[in-house]
Amino acid sequence: MDNLSRRLLQASCAVALTATIASPAQAQSTRKDLKTGNKFFEQENYRAALPYYEKVLAKDPNNAKALFNAGISYMSFDKEKASDYIYKAQKLKPKVSKDVEYWLGRVDHLNYNFDEAVAHFQAYNATLKKNDQRKEELAQLIQHSKNAKVQFNSPKDIFVKNLGPTINTQFSEHSPVISSDDKILIFTSRGESVTGASGSVSDKKNKSVAADGEYYEDIFEATRVDDENWQKPRSLSGVLNGKGHDASIQLFDNDTKMLMYRNDNNGDIFVTDKSGGDWTAPKPLDGNINSKAFESDAYITPDGLTIYFSTGKYSEDGTLDLYTATRTSTGSDWGTARSLGANINTKYDDDSPYLSKDGKTLYFSSRGHNTMGGYDIFKSEYDEAGRKWGPAQNMGYPVNTPDDDSYYRLSPDGSYAYLSSYRIGGYGEKDIYTINYIKNANIVGKVFSSKDSTTVIPGVELVFSGSQADKTALSFRDVTKPDGAYQVAVLSGRTYQVAVSKDGKPIETQEFAVPVSTNDSTTITKNFYINFVDTSAVNMFATKNIYFDTDKYKLRPESIKTLNEISQVLTANPGINISVEGHCDSRNTDEYNMVLGQNRANAAFNYLKKQGIAEARMTTVSYGERRPAAPNDSPENMQLNRRDEFKVVLKEGETMPTMNAPTSGTGTGMSGSSTTTTTTAPLNPGKSKVKMADGTKVKTKVDEDSDKVKVKTKGSAGDKSKTITKDGELDAKAKDASGEKTKVKGKN
């Protein structure tokens with residue numbers, strides 16, 4: 001607790017001690033309970049004070065003094081209840097204390113009401129005299145609330161998880177130390193399992209109770225069961241237990257040594273060795289590290305030759321600063337300590353140093369810099385050129401909170417971290433948490449028609465829209481394959497709006513919540529069922545695909561034959577409309593392939609148009625590489641993907657009509673179609689001339705036995721074609737407007 005808080009507590013307690021019980025009906029026992037509560041409150045023994053205040057409030061719920069002091073007492077254990085009590089006290093008695101605006105500011109800050117906290121601090125500041133020393137501290141508290149608002153409104157995508165009730169208690173747990181295999185956790189606790197704990201913490205005869213009415217700190221060890229659970233911790237007190245506080249600091253030298261804290265000599269750093277299954281008697285580090293001042297925490301580099309530690313030795317007011325010292329070999333004395341510099345140390349407490357495995361990043365806790373309030377976790381990168389540590393960077397929310405956050409320790413592989421923190425939702429005071437960066441989750445599934453829940457729908461575009469923790473927009477997309485399948489990698493731990501569309505037309509939007517993933521191997525299956533009938537999927541031309549050379553959209557000779565067959569079918573069935581769909585392999589970018597696919601669709605469209613098929617009966621679409629017919633893993637499969645497909649387009653609810661066979665005498669039929677065909681009528685011998693709507697002239701000559709058919713076309717742009725079919729043989733020649741020639745021969 002800062003100096004301002006202490007002075008205000010003493011003043012508030014003095015008022016409470018002299019308070020007169022307003023209700024004449026209150027019993028002598030109530031006055032006695034209030035007096036006893038105030039006594040513990042004055043000693044800052046809040047756990048002992050609270051039961052007495054609650055006794056008073058059980059009989060007199062509107063006792064403003066009891067509510068006010070109980071609210072201050074609850075600030076270390078239940079921030080929300082603290083707010084309720086202090087606000088109720090002020091409502092009942094606006095001048096319950098001359099410092100009430102200060103405490104309203106404090107409790108609002110802890111409950112993330114930063115604007116309200118600033119208003120209360122400013123109101124309190126206005127009551128102070130111009131030269132009051134408390135003004136400087138009030139200015140700092142106001143700045144904390146402003147800092148906190150900035151950090152809170154720019155959160156990081158980080159998942160903070162409490163280690164749970166096996167490790168954490170209603171008392172304080174802190175200083176996590178993890179073994180090199182990540183299976184053993186050593187930590188410090190003030191819980192009821194400490195050495196000598198018995199009876200109430202308010203029992204003066206209990207030697208395990210410190211001056212603040214809580215148990216002395218002891219060191220505990222827990223073994224990991226799995227990723228989520230730990231075995232019941234066991235005390236390591238034994239030889240490690242001193243007369244007062246004992247705290248874990250660091251395992252080093254292959255986990256055979258441990259740095260620890262004892263409050264001997266006003267607080268020193270000790271080292272102990274592991275011998276067999278237990279630890280040896282701790283020994284203090286030498287005089288270049290320990291002093292008559294307070295030494296709190298330390299970190300030794302893996303080679304054992306450099307130490308970083310916090311000490312109050314060099315500051316005028318005893319606040320902690322971070323220093324470093326080196327030695328020539330393990331076991332020798334440490335050299336002269338050197339400050340880590342102005343980028344790290346402030347006029348407030350700077351504590352709990354920890355280095356990344358490569359030694360280039362320093363993590364530490366500080367009450368200075370741009371803290372959100374209390375201790376925050378900061379990091380600094382080492383400047384090799386300047387041979388100094390760079391500016392301190394706040395790790396941001398939710399690593400940091402408006403209350404104390406400290407003892408940041410990376411896991412052995414550096415993928416996550418441990419820290420100790422007072423924060424809403426914990427088990428009591430400080431708890432130990434893990435900090436994980438939120439990772440991607442792989443979402444896979446299929447899109448089905450909701451009408452039968454079995455029909456897959458290819459070509460559906462799914463766009464997952466969400467936001468990062470700081471509200472930056474996120475968007476991930478995929479298009480379903482021929483089997484209706486899709487796959488996207490999305491940032492986990494948030495709800496997405498999934499926009500579903502097909503051929504550029506919106507269908508619907510669904511909401512999908514993706515749970516938090518802290519690794520990149522999480523796969524989640526999510527199928528979508530949509531109100532859509534894929535009428536364009538009717539494919540009577542299933543065997544009529546045409547294929548292209550790599551990066552080309554020129555029609556091959558065999559494609560001319562196929563397009564002629566399609567033209568004949570469409571001519572015989574004027575009520576049928578088609579979609580010409582262009583596809584590519586995956587050799588180029590998606591954007592490039594969309595253009596190439598469109599050019600391939602246009603090539604077939606233009607040829608069919610020249611054969612007399614009206615433009616209004618045909619549409620084109622490009623799917624680029626998005627609908628592969630086969631995996632793009634071999635030249636043969638890539639050839640299958642460089643194609644045009646032709647599909648009958650029906651209106652929703654429309655069924656496939658009975659098909660007429662072509663009347664050109666070619667006998668193409670519709671192999672692979674489920675439609676009904678009629679018998680081909682023989683062509684009448686003779687000649688005919690026809691001029692199409694687009695100006696194309698068509699001449700037809702059929703011999704007397706109808707076994708030879710000659711068709712000539714001449715377009716208005718100068719393009720020509722000549723096709724002869726005889727006894728099932730096809731001989732075709734074509735010349736386009738640019739003069740390019742095409743020849744086709746083969747079985748018809």
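Is there a pair in Lys156/Lys347; Lys379/Lys471; Lys232/Lys292; Lys609/Lys735; Lys481/Lys505 whose C-alpha atoms are over 26 Å apart, and which pairs would that be?
Pairs exceeding the cut-off: Lys156/Lys347; Lys232/Lys292.
If packing is taken as the average count of other Cβ atoms within 10 Å, what order do 569-575, 641-647 fall into, highest mean first?
Going from most to least packed, we get 641-647, 569-575.
Of Asp585, Asp286, which has the most accessible area with a 1.4 Å probe, and how do the rest follow in descending order?
So the residues, ranked largest to smallest area, are Asp286, Asp585.
Over the stretch 79-151, what percent of the accessible surface lies on carbon and sulfur atoms, probe 1.4 Å?
Solvent-exposed carbon and sulfur of the stretch 79-151 make up 50 percent of the total.
Dipole of the stretch 541-581, Cα-centred, from +1 at each Lys and Arg C-beta and -1 at each Asp and Glu C-beta, to the nearest 20 debye?
Roughly 80 debye, rounded to the nearest 20.
Alpha carbon centre of the stretch 177-191 versus the stretch 307-376: separation in Å?
Cα centroid to Cα centroid, the span is 22 Å.
Can you check what the net charge comes to around Glu511, using other residues whose Cβ is under 12 Å from the Cβ of Glu511 (Lys, Arg +1; Asp, Glu -1)?
Net charge around Glu511: +1.
Given the peptides 466-478, 176-188, arrange them by the average over their residues of other C-beta atoms within 10 Å, most packed first.
Final packing ranking: 176-188, 466-478.
Output ³J(HN,Hα) for the stretch 286-298: one whole-Hz value per residue in order, computed from phi by the Karplus curve 6.51 cos²θ - 1.76 cosθ + 1.60 with θ = phi - 60°, and x for Gly and Pro.
Result, ordered by residue: 6, x, 7, 10, 7, 8, 6, 7, 8, 10, 10, 8, 7 Hz.
At a threshold of 8 angstrom on Cα-Cα distance, excluding pairs fewer than six apart, so keeping six or more, what relative contact order does the stretch 561-624 reach in percent?
46
Put +1 on the Cβ of each Lys and Arg and -1 on the Cβ of each Asp and Glu in the stretch 270-335; which of Leu322, Ser275, Asn290 then has its Cα farthest toward the positive end of the dipole?
Ser275
7 Å from Cα along Cα→Cβ at both Asp549 and Val595: what's the point-to-point distance in nm?
2.0
Return the FRET efficiency for the residue pair Val239, Asp333: r is the Cβ-Cβ distance, R0 is 35 Å, and the value is rounded to the nearest 0.05.
Plugging the Cβ-Cβ distance into 1/(1 + (r/R0)^6) gives 0.90.
Using a 7 Å offset from the Cα along the Cα-to-Cβ direction at both Asp503 and Lys471, what is the distance between the two label points in nm, to one decimal?
It works out to 4.0 nm between the two label points.
Any idea how far apart Ala211 and Ala542 come out in nm if each label point goes 7 Å out from Cα toward Cβ?
8.9
What is the sum of charges around Val118, taking Lys and Arg as +1, Asp and Glu as -1, for the other residues whose C-beta is under 10 Å from the C-beta of Val118?
Charge balance in the 10 Å sphere: -1.
Using a 10 Å cut-off on Cβ atoms, rank the peptides 333-339, 601-607 from the highest mean neighbour count down.
My ranking of the peptides, most packed first, is 601-607, 333-339.
Over 29 Å between Cα atoms: which of Lys91/Lys146; Lys552/Lys610; Lys129/Lys313 fall into that group?
Long pairs (Cα-Cα over 29 Å): Lys129/Lys313.
Per-residue HN-Hα couplings for the stretch 98-108, Karplus 6.51 cos²θ - 1.76 cosθ + 1.60 at θ = phi - 60°, whole Hz, x for Gly and Pro?
After applying 6.51 cos²θ - 1.76 cosθ + 1.60, I find 5, 9, 4, 5, 4, 6, 5, x, 4, 6, 5 Hz.
Net charge around Arg262, counting only other residues with Cβ within less than 12 Å of its Cβ (Lys, Arg = +1; Asp, Glu = -1)?
Here the charged neighbours net out to -4.
The values are calculated or read from the model by the stated rules, or taken from the named source; none is laboratory data. Quantities reported herein were computed from a predicted structural model and do not represent experimental measurements. Glycine also receives a Cβ, built like all others from the backbone with ideal geometry; neighbour counts cover every protein chain displayed. Protein only, heavy atoms only, side chains kept; ligands, DNA and RNA dropped before computing areas. Shrake-Rupley method; radii C 1.70, N 1.55, O 1.52, S 1.80 Å.
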